[in-house]
């Protein structure tokens, strides 16, 4: 069964931010029912399949896959401050920085420092701040990779009681309370 024009629009809009309600609105559905329609659309097999195909197509176009992501995380993990600083804590020229640092640097602030006022005011230095990627978060993301499982979430499930036994205990507690 082919998708309607609105359903096709929903698929394309869903890829923008993976927000079903907003995708429904942008696709032309009513704002009033967008949440419900978005949820229903995601559950329709033909729409879910179209979304999977569209995501796969986009991944192929931009060549992003698990290997790409893992390689970038490894690059971030291997950033070394010695690549950008001299022993006296001054920065090396940007042209000498490795590509990884230039790509993954999160922030760079330069503040001029002055002494004096008015005509007697003179610059006495520069304060440079850099912010690099969060290495702990980076390791956590690496550790959660399926083949690493260093930080695998474990959930304990107790299935020793049947649903009817739980309902009976709940009724008993309710009658006492």
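Rounded to the nearest 500 deg cm²/dmol, what is the calculated helix-only ellipticity per residue at 222 nm for the chain, with -39500 (n - 2.57) per DSSP H run of length n ≥ 4?
Helix contribution divided over all residues of the chain: -15500 deg cm²/dmol.
If one takes the longest principal axis of the Cα atoms in the chain, at what angle in degrees, from 0 to 90 and to the nearest 10, does the Cα axis of helix 5-17 lie?
Orientation of helix 5-17: about 40 degrees from the principal axis.
Can you give the three extents of the C-alpha atoms in segment 5-63 along their principal axes, from longest to shortest, in whole Å?
38, 20, 18
Measure nothing fancy, just the Cα-based angle from helix 66-77's long axis to the longest principal axis of the chain, in degrees from 0 to 90, nearest 10.
The angle comes out near 40 degrees.
Taken together, the values in this text are just the output of simple stated rules run on the coordinates, not laboratory data. Model, not experiment: these values are computed from the prediction.
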